[in-house]
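This report concerns only the one structure given below.
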Amino acid sequence: GRLTFFPGNQTVDLPSINFMKRYGTVFLNAYTNSPICCPSRAAMWSGLFTHLTESWNNFKGLDPDYITWMDLMEKHGYHTQKFGKLDYTSGHHSVSNRVEAWTRDVHFLLRQEGRPMVNLTGDRKRVRVMEADWRNTDKAVNWIKEEAVNLTQPFVLYLGLNLPHPYPSPYAGENFGSSTFLTSPYWLEKVNFEAIKIPKWSSLSEMHPVDYYSSYTKNCTGEFTKEEVRNIRAFYYAMCAETDAMLGEIISALGDTGLLRKTVVIFTADHGELAMEHRQFYKMSMYEGSSHVPLLVMGPGVKEHQEIPNVVSLVDIYPTMLDIARIPVPQNLSGYSLIPLLHEKTESEVSSRGPRPPWVLSEFHGCNVNSSVYMLRTGKWKYITYSDGFSVLPQLFDLTADPDELTNVAIKFPVIVHSLDKILRSIVNYPKVSSAVQEYNKRQFISWKQSLGQNYSSVIANLRWHQDWLKDKKKYENAIDRWL
C-alpha cells in the first residue's frame, strides 16, 4: 500500500502505478476490511464487513451463489469476464489454515510458517518469474484486444494476481506456508538498496502479547541480520515491480485498442505485506504494512493527479462499481461509493445514504493471531482492540507523530480510547462477535476431530506445525483437551 502513494518513495520504480497517479486518482488512506486473502475478498465482493459475511478465516468466505457486484452488473447488461485469483467463496485454502485458526485459543505456541527467506531465480533476462500470473495477464490482454474491442455493450473485466504474495516454501511441510520471497536479477536491479529502510523492532519482552504470538507463529522470533531483513524487503519490492509490469500490460492493451479513454481502471489489493516490520512478515495484522492497501482509479470523469486523504476501504468497491454502471445501490451495504470523492462532488450531492463516515473498520479472526482483532482508523488515530475489549490491552497509535507505529499511547490518552471504543461499539458489538468466533472455532474443531477419530493428532503432525507438534505430542494433545 505505502509504495503506491508514499511521497518521494525511492525504493523501487513502479512506472504503471506512476502512470495511474499522473492520469488518475490515488487514495492515500485505503484499508482492507480483514488483512487476509479470503475474508478480505469476501468483503470486497459483497460490500459487507467481515462480521456480517462471517468470513472468520481463510477457509470461510461467501456462499458460492452470493450475488456480487459483478453479478448485478451482468444482470444490467454488462459483459463480464474474470481471470486469475478470485478466492472469495468458502472451501479453498489448506487444512492447516483452518486448524490453525480454530485452535488459536489453545494455550500453546506452535510455529505455523516457514522462516521467511529469499531466493533468486533465472538471470538478467528472466522477466516472467510468476508464470501463472503472466498467463492470466496474457489472457486478459488477448480478451481486451479480441473481444472487448468488438463489444456493443459495456464490459467489466477482473484480473486477480497472486503477486506480490510470497511463494510456497517446499521445505516447510504440507502446503508449505508461503515464506519465500522470490524474484530474478531483472527485477532486483530495479530496487534501490540504499533507500530501503530497516524497520525498528521492540525487544521480545516489550512486545504486545498478541504481536509476540504472531511473531512466534510466523517463525520470526529468531535472530535476523540487518542484511537478511534488507534482502527480504528488497525482494518484496522487486516482486512489486513485476506486479506493476502486469498492470502496464493491461493499460497498454486498453491504449492500443482505443479503449483507455473510455474505461475506468481500478488497481487495489486484498491486504499488504509486513516484510519484517514489527518482527513479522505476511499479513494478519492491523499495522500499516499489512492493513493499508493501494487504491488507484483512472478513467472518464476521474480527476487527474488527485490525491485523496479520506479513509476508505475495500467494502467501498461494491457501491462504486454499481455507481459507475448507474445501477441502484442496495441500502444494506457497509461501504460507500467512491464516485463523489473521485468527481469532487459536494456532500449534498452524495447518495441517499448520507455522507461517508470519517472512519474505516478492519477486523481479523483467523490464524497466526490468538484473539479476534478490531481496528478503527479515523483522522490521525488508529485504535486496535482485542477479544472482549478488556482481557487484552488495546493499542492506540498517532499515525501523524508515529507513522511506524512504535509507541502505543493508549494509556496516555484514555479519553480518546474511550471515545474511539464507543464509535467502534456503535458499528459492531465486538465482544459478542469475538465470543461467537470462539464458539464457532470450538464447534468446527470438535466436528473435524470427530471425523478423524483417534487419527487427529497424526493428521496435525503432518500439517505445517509438524516439526513443533512431534517434539511433544502429548503436551499439545493435553492442551487441546483442556481447551475443549
- request: Determine whether the range 34-50 contains at least one residue that is closer than 30 Å to TYR440 by Cα and either open to solvent by 30 Å² or more (accessible area, probe 1.4 Å) or over 21 Å from the mean Cα position of the chain (by Cα) (or both).
  value: no
query: Could you list, in sequence order, the residues of the range 369-389 that are farther than 16 Å from SER40 by Cα and polar (S, T, N, Q)?
result: ASN370, SER371, THR378, THR385, SER387
task: Would you be able to tell me the number of residues in the range 154-210 that are hydrophobic (A, V, I, L, M, F, W, C), modelled with pLDDT of 95 or more and closer than 22 Å to ALA132 by Cα?
output: 9
message: Among the residues of the range 359-377, are any over 30 Å from ASN97 (Cβ atoms) and polar (S, T, N, Q)?
response: no
query: When residues of the range 187-203 are filtered for being surrounded by 18 or more Cβ atoms within 10 Å (Cβ to Cβ) and aliphatic (A, V, I, L, M), how many remain?
result: 3
- prompt: Does any residue of the range 119-126 turn out to be crowded, with 22+ Cβ neighbours inside 10 Å, closer than 28 Å to ASN219 by Cα and touching a Ser or Thr at 6+ places or on another chain (Cβ under 8 Å)?
  reply: no
task: Among residues belonging to the range 429-439 that are among the polar types (S, T, N, Q) and part of a helix (DSSP H, G or I), point out the one that is nearest to LEU110 (Cα to Cα).
output: GLN438
message: Quick check on the range 130-150: of everything there that is touching a residue at least 40 places away in the same chain (Cβ under 8 Å) and more than 25 Å from the chain's Cα centre (by Cα), which residue is surrounded by the fewest Cβ atoms within 10 Å (Cβ to Cβ)?
response: GLU147
statement: Selection from the range 374-386 of residues open to solvent by less than 10 Å² (accessible area, probe 1.4 Å) and within 16 Å of THR32 (Cβ to Cβ) yields TYR374, MET375, LEU376, LYS382, ILE384
- prompt: Which of the residues spanning the range 271-286 are in a loop (DSSP other than H, G, I, E, B), in contact (Cβ under 8 Å) with a residue 40 or more places away in the chain and farther than 16 Å from PHE27 by Cα?
  reply: GLU273, ALA275, MET276, GLN280, PHE281, TYR282, LYS283, MET284, SER285, MET286
task: Considering each residue of the range 86-118, count those that are open to solvent by less than 30 Å² (accessible area, probe 1.4 Å), among the charged types (D, E, K, R) and under 23 Å from ILE446 (Cβ atoms), and give that number.
output: 2
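Take the conditions open to solvent by less than 20 Å² (accessible area, probe 1.4 Å) and either on the phi > 0 side of the Ramachandran plot or at pLDDT 95 or above (or both) and apply them to PHE413. Does it pass?
So PHE413 does not fit the description; no.
Take the residues in the range 253-270 that are more than 15 Å from PRO164 (Cα to Cα) and touching a residue at least 60 places away in the same chain (Cβ under 8 Å); name whichever of them is surrounded by the fewest Cβ atoms within 10 Å (Cβ to Cβ). I'd like the intermediate steps shown before the answer.
Applying the first criterion (more than 15 Å from PRO164 (Cα to Cα)) to the range 253-270 yields 253-266.
Checking which are touching a residue at least 60 places away in the same chain (Cβ under 8 Å) leaves us with 253-254, 256-259, 264-265.
Working: ALA253: 21, LEU254: 22, ASP256: 13, THR257: 16, GLY258: 10, LEU259: 16, VAL264: 18, VAL265: 19.
Result: GLY258.
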message: Checking the conditions here, which among SER334, SER313 is over 16 Å from the mean Cα position of the chain (by Cα) and within 16 Å of ASN33 (Cα to Cα)?
response: SER334
query: Checking SER352 against (1) at pLDDT 95 or above; (2) among the hydroxyl-bearing types (Ser, Thr, Tyr); (3) open to solvent by 10 Å² or more (accessible area, probe 1.4 Å), which test does it fail?
result: (1)
message: Take residues that are touching a residue at least 40 places away in the same chain (Cβ under 8 Å) and either over 17 Å from VAL95 (Cβ atoms) or small (Gly, Ala, Ser) (or both) and tell me which of the helices (runs of 4 or more DSSP H) falling wholly in the range 440-484 contain 2 or more.
response: 473-483
- prompt: Where residues in the range 426-467 are in contact with a Gly (Cβ under 8 Å, 6 or more places away or on another chain) and open to solvent by 50 Å² or more (accessible area, probe 1.4 Å), which of them is modelled with the lowest pLDDT?
  reply: GLN467
field: the range 395-404: number of residues that are surrounded by fewer than 19 Cβ atoms within 10 Å (Cβ to Cβ) and touching a residue at least 12 places away in the same chain (Cβ under 8 Å)
entry: 6
- request: Determine if the range 231-247 includes at least one residue that is modelled with pLDDT of 95 or more, more than 20 Å from the chain's Cα centre (by Cα) and either open to solvent by 30 Å² or more (accessible area, probe 1.4 Å) or within 28 Å of HIS365 (Cβ to Cβ) (or both).
  value: yes
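The values are calculated or read from the model by the stated rules, or taken from the named source; none is laboratory data. What you are looking at is a predicted structure, and each value in this text was computed from that prediction instead of being measured. Positions of Cβ are backbone-derived with ideal geometry, glycine not excepted, and every protein chain shown enters the neighbour counts. Just so you know, the surface numbers come from the protein's heavy atoms only, side chains and all, with ligands and any DNA or RNA stripped out. Shrake-Rupley method; radii C 1.70, N 1.55, O 1.52, S 1.80 Å.
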